[in-house]
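Working notes for the structure below.
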Amino acid sequence: KRAGMAQPSFYVHFADMDDLLVELTKVVARQLRESMGAVSASLRGGASDLQELTQRSVEVALRTIAAQPQMIRIFMVEQAHPKSTIGSRVRAGLDAYLEDLMDDFHGFPIAKGVPRHRVRLFADMVVACVVTAGLGIAEGRHQMDDDLVMRLSKGILAWAEALRTDLPPIAPQP
């Protein structure tokens, strides 16, 4: 209705609501990839200031997520449904993004010798944290400012450092 389209016109362009959501998934995923493209290019180009690049990446991701909160929520819900067409698209896109993030991270000295499964855990944690913060900005729980970006970035780099070291097992509590 808001687009000024009658229902028959809708079905000229889309088979059903799932078809529309699949197309929206492609648009939002493309916007995110494009917005992160410059930052990823810097990473692959051998930039050495990991703190600055992390901050830039976090800021771009937060702004992108906060600008599309409804779609991000749909993506989060749909990816949990194994038979959902939208969910399979979201899972495939997320897996591709995580692979890129892991490859970018492996380009830095902090990641030397870190097993791939630990880097995957790191990438999953980063995405979950940034998506949650981005939705928090959209919902007014968090304010988009330099302090938030800096603190998230420092937390991400602390996680990265924890990946590098073999931690002693946690002793059971009496």
Within region 5-30, can you find the residues that are polar (S, T, N, Q) and at pLDDT 75 or above?
Thr25
Just wondering, is there one or more residues in region 110-128 that are out of contact with any Ser or Thr (no Cβ under 9 Å at 6 or more places or on another chain) and within 19 Å of Thr25 (Cα to Cα)?
yes
Condition (residue is aromatic (Phe, Trp, Tyr) and within 25 Å of Asp16 (Cβ to Cβ)) applied to region 89-97: is it met by at least one residue?
no
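The values are calculated or read from the model by the stated rules, or taken from the named source; none is laboratory data. What you see is a predicted model, and the numbers here were worked out from it, not measured in a lab. Backbone-built Cβ (ideal geometry, glycine too); neighbour counts: all protein chains shown.
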